[in-house]
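The values are calculated or read from the model by the stated rules, or taken from the named source; none is laboratory data. Here the structure is a predicted model, which means the values were calculated and not measured. For neighbour counting, all protein chains shown are included, and Cβ atoms are generated from backbone atoms with ideal geometry for every residue, glycine included.
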Amino acid sequence: MDMPVPNAELLARKAHIVGRLQEVLARGAVISEPAETRVYECDALTAYKCPPLAAVLPETTEQVAAVLRICHEENVPVVPRGAGTSLAGGALPTEDCVILGVARMNAVLETDYANRTIRVQSGRTNLSVSGAVEEEDFFYAPDPSSQLACAIAGNIAMNSGGAHCLKYGVTTNNLLGVTMVLMDGTVVELGGAHLDAEGYDLLGLVCGSEGQLGVVTEATLRILRKPEGARPVLMGFDDSETAGRCVSDIIKAGVLPVAIEFMDRLCIRATEDFAGAGYPDCEALLIVEVEGSAAEIDEQLGKILEIARRHDPVELRESSSDEESARIWLGRKSAFGAMGQINDYMCLDGTIPVSELPMVLRRIGELAAEYSLQVGNVFHAGDGNMHPLILFDANKLGDLELCEQLGAEILKLCVEAGGCLTGEHGVGVEKRDLMGHQFTPEDLEIQMAVKDVFDPKWLLNPAKVFPLAASAARRERSE
Amino acid sequence: MLKPSSERELAEIVCDAPGPLALRGGGTRPIGCPVEGKAVSTAGLSGISLYEPGALTLVAAAGTPVAEIETAVAAEGQRLAFEPMDHRTLLGTEGAPTIGGVVAVNASGPRRVQAGACRDGLLGVRFIDGTGTLVKNGGRVMKNVTGYDLVKLMAGSYGTLGVLTEVSLKVLPAPEAIASLSVAGLGVERAVEAMSVALGSPYEVTGAAHQPGGTDMAAATVLRIEGFEASVTYRAERLKELLEPFGSVTILREPDRVERQWRAIRDVEALAGGEGAVWRISVRPSDAPVVVARLPEADLLLDWGGGLIWARLPEEVDLRAALAGLGGHATLLRASAEMLARGAVFEPQPAPVASIAEGLRARFDPRGILNPGRMG
């Protein structure tokens with residue numbers, strides 16, 4: 001993976017730039033010693049590392065604006081960072097950039113139960129948003145699996161999803177407004193506690209723009225009343241095609257579960273060794289969860305079980321207590337950790353039409369065999385968001401590259417099947433150079449033209465999302 | 001009027017256009033400032049190209065009649081989740097609404113509060129930009145964060161950034177049963193409180209509207225619940241208990257009557273005809289009583305728990321001045337030609353936001369030929 005050559009002139013002016021940043025921020029909020037900037041050298045895509053020129057940790061929108069104004073004047077690239085949990089390298093620095101971390105901006109600014117909204121600073125973690133409204137039995141719906149650590153800022157940047165978005169939607173469907181600072185330091189308000197945009201839907205455009213259009217400092221989020229209860233059912237099948245058909249039939253029957261999760265044999269075995277959730281030994285496993293009162297859950301699960309039985313499951317396990325529910329979820333929730341015990345892995349994130357599930361799973365198996373690498377599948381089946389996990393050995397020469405090649409093949413397969421490269425992790429640097437497989441040059445050109453409007457000098461997170469060659473002219477213009 | 005029958009033909013028309021184009025779908029939603037230009041209709045781009053009930057997705061050409069889509073999904077026991085409003089009654093227009101028109105104005109209905117707006121149900125678009133270039137964005141899958149989300153940007157851009165040629169939409173199961181609860185005689189403040197209580201309950205309310213009382217009718221606050229039969233019965237009873245402190249609650253269960261009631265709310269039938277300007281106001285729901293108090297001359301309908309206020313009032317009333325200081329926005333939906341010609345259909349935006357909008361328009365339509373001036 002290539003990154004742009006750092007701008008030597010900026011590196012030479014480091015002391016001056018750091019000095020200016022120190023003037024507008026509190027003591028300790030500007031990090032520039034090499035030993036300390038290494039903390040920011042990567043995000044959760046740890047295969048790539050590069051310490052930044054400096055990192056800043058502002059505490060207010062005004063400070064963010066002051067930092068951006070300085071960087072704009074000095075032509076310094078800025079890489080915004082939430083909690084650094086991106087799996088796509090969204091917060092990967094370049095040597096000549098300033099990392100703008102929002103971790104110190106984590107306050108709840110307003111909770112408004114009457115209007116079902118909460119306003120927070122963007123550095124607040126996803127789970128602690130729900131935590132702030134829990135006492136009134138409310139919650140914030142998008143639940144990426146990193147929710148304990150990930151920040152709302154990053155959720156907005158990547159338009160994060162989660163296991164429950166089949167029913168509740170992803171970040172963009174739960175985001176009502178933001179305060180955002182443009183690269184030149186201008187502060188804009190988009191949306192608010194009301195619904196829908198008064199002009200163009202700029203809020204919708206900003207959500208998922210991977211920190212390339214502005215730095216979000218505050219957000220108004222929709223909160224929901226918790227359902228009365230939830231209960232999962234576990235189903236095991238002899239082959240994944242049957243499991244895929246079962247998913248489709250459940251959806252067609254008019255039942256809308258909050259989650260439908262899928263795991264294949266490799267993942268089932270790994271999680272059994274790791275967490276011992278008592279999963280059946282089978283080719284494919286589904287966890288389907290529904291919500292409501294006890295009677296409503298019975299009604300929905302009745303329909304779901306009836307459909308499942310038509311597909312000859314090798315196992316049907318209905319939960320009858322909170323403890324059993326937790327056990328059913330235990331394996332799924334520890335799947336990534338379990339796979340990590342076996343080897344290093346790369347987690348893909350392509351989405352496909354649910355109807356293509358059997359074909360895509362079969363092709364992934366064939367591709368894995370061709371590359372002599374193991375691929376486990378664990379994903380959100382209800383919405384077709386796949387998470388193939390490719391196992392590799394980072395210490396083995398050439399294995400990472402081989403794994404990346406296989407990953408690219410699988411993502412191209414997702415696009416060919418009518419899907420997309422990334423469903424919830426974002427493009428970042430990881431899938432940047434695959435964009436040409438999903439988009440024509442014209443499709444990419446107009447997206448880059450959008451960035452021209454928000455950030456004419458291409459200083460915000462510049463080397464991400466678009467193939468390096470495609471964005472080269474624009475990025476070099478700013479130097 | 002030009003009526004291209006293919007994407008390519010449309011692209012050529014845009015590319016070769018010597019001057020402004022006035023774009024239209026079915027012509028039933030003439031919202032915005034009047035546009036001078038050669039009329040181009042997308043009605044010739046029609047038909048459902050893909051519908052997968054098991055994947056909850058549908059792809060259709062922009063000129064496909066909404067009725068055709070609704071019939072197709074109903075046959076599989078599904079529906080468009082965002083319940084698009086039909087503007088014909090309120091605006092006094094005729095013709096067949098198209099799906100492209102729905103998307104271009106981001107038309108949503110009462111279910112907006114629970115299932116989201118049109119923009120939330122829109123998965124992908126294809127459009128011709130102002131240079132005649134075909135662009136696609138999004139796709140036909142539920143989760144897609146590949147590149148910038150121009151899908152949201154196109155929804156509600158009134159044909160000023162591109163001419164939609166194809167849209168892909170998320171559909172949802174239609175409910176087995178439906179119920180409407182109503183409380184009579186509430187003032188606006190109490191009604192908004194009651195709707196807030198209902199929407200903040202775990203009973204999944206899919207509609208919360210209030211029709212203020214007048215000289216010859218009592219005020220009515222109505223709440224909708226949808227789902228499986230036993231579940232609807234259960235939730236309706238629980239919600240009734242919850243609302244009892246506001247007054248006596250009646251439950252309507254006949255599907256035809258409930259549907260007729262909510263269609264009337266969706267299409268704002270209460271304000272159809274009559275004299276005066278019709279405004280669509282979006283505010284924080286708890287601000288609704290303030291809005292209503294500041295518009296004493298208005299005939300009103302509240303939807304979205306008070307977050308959406310429809311107001312019909314004399315044209316000489318300066319609505320924006322009356323609502324100064326409140327957040328949210330107001331759009332002038334229906335008015336005399338003179339009033340529309342004065343512009344100001346859409347809420348004026350702060351300078352930095354207006355400048356971004358202008359910058360986008362300049363990139364998507366550098367010659368300024370797509371519905372110029374429609375959004376002011």
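Residue by residue through segment A:454-479, note down the ones that are buried (at least 19 other Cβ atoms within 10 Å of the Cβ), outside any loop (DSSP other than H, G, I, E, B) and either on the phi > 0 side of the Ramachandran plot or of a type in the set (A, V, I, L, M) (or both).
A:Leu460, A:Ala470
Determine if segment B:162-169 includes at least one residue that is under 23 Å from the mean Cα position of the chain (by Cα), within 12 Å of chain A (Cβ to nearest Cβ), more than 28 Å from A:Gly382 (Cα to Cα) and at pLDDT 95 or above.
Of segment B:162-169, the ones under 23 Å from the mean Cα position of the chain (by Cα) are B:162-169.
Adding the requirement that they be within 12 Å of chain A (Cβ to nearest Cβ) leaves B:162, B:168.
After this cut, where a residue has to be more than 28 Å from A:Gly382 (Cα to Cα) as well, the list is B:162.
Cutting the leftovers down to at pLDDT 95 or above gives us B:162.
Looking through segment B:162-169, at least one residue is under 23 Å from the mean Cα position of the chain (by Cα), within 12 Å of chain A (Cβ to nearest Cβ), more than 28 Å from A:Gly382 (Cα to Cα) and at pLDDT 95 or above.
Look through segment A:204-247, keep the residues that are surrounded by fewer than 22 Cβ atoms within 10 Å (Cβ to Cβ) and small (Gly, Ala, Ser), and return whichever of them is nearest to the chain's Cα centre (by Cα).
The qualifying residue nearest to the chain's Cα centre (by Cα) is A:Ala230.
Pick from B:Gly376, B:Gly305, B:Gly343: which is facing another protein chain (nearest Cβ under 9 Å), over 27 Å from A:Arg222 (Cα atoms) and touching a residue at least 24 places away in the same chain (Cβ under 8 Å)?
The conditions single out B:Gly376.
Given the conditions (1) modelled with pLDDT under 95; (2) facing another protein chain (nearest Cβ under 8 Å), and given that B:Val145 satisfies all but one, which numbered condition is not satisfied?
All conditions are met except number (1).
Taking the stated definitions as given, is B:Gly227 surrounded by 22 or more Cβ atoms within 10 Å (Cβ to Cβ), within 13 Å of chain A (Cβ to nearest Cβ), within 30 Å of B:Ile13 (Cα to Cα) and in contact with a strand residue (DSSP E or B) (Cβ under 8 Å, 6 or more places away or on another chain)? Let's see the steps before the verdict.
On the way: surrounded by 22 or more Cβ atoms within 10 Å (Cβ to Cβ): yes; within 13 Å of chain A (Cβ to nearest Cβ): yes; within 30 Å of B:Ile13 (Cα to Cα): no; in contact with a strand residue (DSSP E or B) (Cβ under 8 Å, 6 or more places away or on another chain): yes.
The answer is no for B:Gly227.
I'd like to check something: does segment A:426-447 contain any residue that is under 19 Å from A:Ser145 (Cβ atoms) and in contact with a strand residue (DSSP E or B) (Cβ under 8 Å, 6 or more places away or on another chain)?
No: zero hits.
For segment B:189-224, name all the residues that are without any contact (Cβ under 8 Å) to a residue 12 or more places away in the chain and at the interface with chain A (Cβ under 10 Å from one of its Cβ atoms).
Correct list: B:Gly200, B:Pro202.
May I ask you to list pairs of residues, at least six apart or on different chains, whose Cβ atoms are under 6 Å apart, with the first in segment A:434-454 being at the interface with chain B (Cβ under 7 Å from one of its Cβ atoms) and within 11 Å of B:Asn137 (Cα to Cα) and the second being of a type in the set (Phe, Trp, Tyr) and crowded, with 20+ Cβ neighbours inside 10 Å?
Pairs that qualify, where the first residue is at the interface with chain B (Cβ under 7 Å from one of its Cβ atoms) and within 11 Å of B:Asn137 (Cα to Cα) and the partner is of a type in the set (Phe, Trp, Tyr) and crowded, with 20+ Cβ neighbours inside 10 Å, are A:Gln447/B:Tyr148.
Can you tell me which condition A:Arg309 does not meet? The list is (1) over 13 Å from A:Val233 (Cα atoms); (2) modelled with pLDDT of 95 or more, and all the others hold.
(1)
Residue-by-condition table, conditions (1) among the small types (Gly, Ala, Ser); (2) in contact with a His (Cβ under 7 Å, 6 or more places away or on another chain); (3) within 18 Å of B:Pro110 (Cα to Cα):
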| position | (1), (2), (3) |
| --- | --- |
| B:Ala179 | yes, no, yes |
| B:Leu199 | no, no, yes |
| B:Tyr203 | no, no, yes |
| B:Thr233 | no, no, no |
| B:Arg238 | no, no, no |
| B:Val249 | no, no, no |
| B:Glu254 | no, no, no |
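Restricting to segment A:223-259, count the residues that are at pLDDT 95 or above, touching a Lys or Arg at 6+ places or on another chain (Cβ under 6 Å) and within 11 Å of chain B (Cβ to nearest Cβ).
Count: 1.
I'd like to check something: does segment B:280-292 contain any residue that is under 28 Å from B:Ala337 (Cβ atoms), free of Cβ contacts under 8 Å to residues at least 40 places away in the same chain and either out of contact with any helix residue (DSSP H, G or I) (no Cβ under 8 Å at 6 or more places or on another chain) or not charged (D, E, K, R) (or both)?
Checked segment B:280-292: at least one residue is under 28 Å from B:Ala337 (Cβ atoms), free of Cβ contacts under 8 Å to residues at least 40 places away in the same chain and either out of contact with any helix residue (DSSP H, G or I) (no Cβ under 8 Å at 6 or more places or on another chain) or not charged (D, E, K, R) (or both).
One line per residue, one yes/no per condition, for (1) surrounded by 15 or more Cβ atoms within 10 Å (Cβ to Cβ); (2) within 30 Å of the chain's Cα centre (by Cα); (3) modelled with pLDDT under 95:
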{"site": "A:Lys14", "(1), (2), (3)": "no, no, no"}
{"site": "A:Val18", "(1), (2), (3)": "yes, no, no"}
{"site": "A:Val24", "(1), (2), (3)": "yes, no, no"}
{"site": "A:Val30", "(1), (2), (3)": "yes, yes, no"}
{"site": "A:Thr46", "(1), (2), (3)": "no, yes, yes"}
{"site": "A:Pro58", "(1), (2), (3)": "yes, yes, no"}
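Any residue in segment A:337-351 that is under 21 Å from the mean Cα position of the chain (by Cα), at positive phi and within 14 Å of chain B (Cβ to nearest Cβ)?
No: segment A:337-351 contains no residue that is under 21 Å from the mean Cα position of the chain (by Cα), at positive phi and within 14 Å of chain B (Cβ to nearest Cβ).
Could you say whether any residue in segment A:368-383 is within 14 Å of chain B (Cβ to nearest Cβ), touching a His at 6+ places or on another chain (Cβ under 7 Å) and closer than 24 Å to A:Pro280 by Cβ?
Yes, segment A:368-383 has at least one match.
Filter segment A:152-173 for residues that are at the interface with chain B (Cβ under 10 Å from one of its Cβ atoms), assigned to a helix (DSSP H, G or I) and over 21 Å from B:Pro173 (Cα atoms) and give the result.
Answer for segment A:152-173, where residues must be at the interface with chain B (Cβ under 10 Å from one of its Cβ atoms), assigned to a helix (DSSP H, G or I) and over 21 Å from B:Pro173 (Cα atoms): A:Ala157, A:Met158, A:Thr171, A:Thr172.
Taking A:Asn115 as the residue in question, decide whether it is touching a Ser or Thr at 6+ places or on another chain (Cβ under 8 Å) and within 26 Å of A:Gly382 (Cβ to Cβ).
Answer is no for this residue.
Could you say whether any residue in segment B:282-293 is within 23 Å of the chain's Cα centre (by Cα), of a type in the set (Ser, Thr, Tyr) and within 13 Å of chain A (Cβ to nearest Cβ)?
Yes, segment B:282-293 contains at least one residue that is within 23 Å of the chain's Cα centre (by Cα), of a type in the set (Ser, Thr, Tyr) and within 13 Å of chain A (Cβ to nearest Cβ).
Which condition number does A:Gly90 fail, the rest of (1) more than 14 Å from chain B (Cβ to nearest Cβ); (2) closer than 21 Å to A:Leu213 by Cα; (3) not charged (D, E, K, R) being met?
Failing condition for A:Gly90: (1).
Of the residues in segment B:73-108, how many are in a loop (DSSP other than H, G, I, E, B), polar (S, T, N, Q) and more than 27 Å from A:Lys252 (Cβ to Cβ)?
2
So, in segment B:56-72, how many residues would count as being without any contact (Cβ under 8 Å) to a residue 12 or more places away in the chain and either outside any helix (DSSP H, G or I) or within 14 Å of chain A (Cβ to nearest Cβ) (or both)?
So the answer is 0.
Hey, among the residues in segment A:60-74 that are β-branched (Val, Ile, Thr) and more than 15 Å from A:Ile31 (Cβ to Cβ), which one's surrounded by the fewest Cβ atoms within 10 Å (Cβ to Cβ)?
Per the stated criteria, the residue is A:Thr60.
Using beta carbons and a limit of 8 Å, which pairs, at least six apart or on different chains, have the first residue in segment A:47-65 and aromatic (Phe, Trp, Tyr) and the second one surrounded by 20 or more Cβ atoms within 10 Å (Cβ to Cβ)?
Here the result reads A:Tyr48/A:Gly89; A:Tyr48/A:Leu92; A:Tyr48/A:Val429, each pair linking segment A:47-65 to a residue that is surrounded by 20 or more Cβ atoms within 10 Å (Cβ to Cβ).
For segment B:109-203, which fully contained strands (runs of 3 or more DSSP E) count at least 3 residues that are among the small types (Gly, Ala, Ser) and surrounded by fewer than 24 Cβ atoms within 10 Å (Cβ to Cβ)?
Fully inside segment B:109-203 and qualifying: B:177-184.
When segment A:358-405 is examined, which residues are found to be surrounded by 20 or more Cβ atoms within 10 Å (Cβ to Cβ), closer than 30 Å to B:Val171 by Cβ, touching a helix residue (DSSP H, G or I) at 6+ places or on another chain (Cβ under 8 Å) and not acidic (Asp, Glu)?
A:Val360, A:Leu361, A:Ile364, A:Asn377, A:Val378, A:His380, A:Ala381, A:Gly382, A:Gly384, A:Met386, A:Pro388
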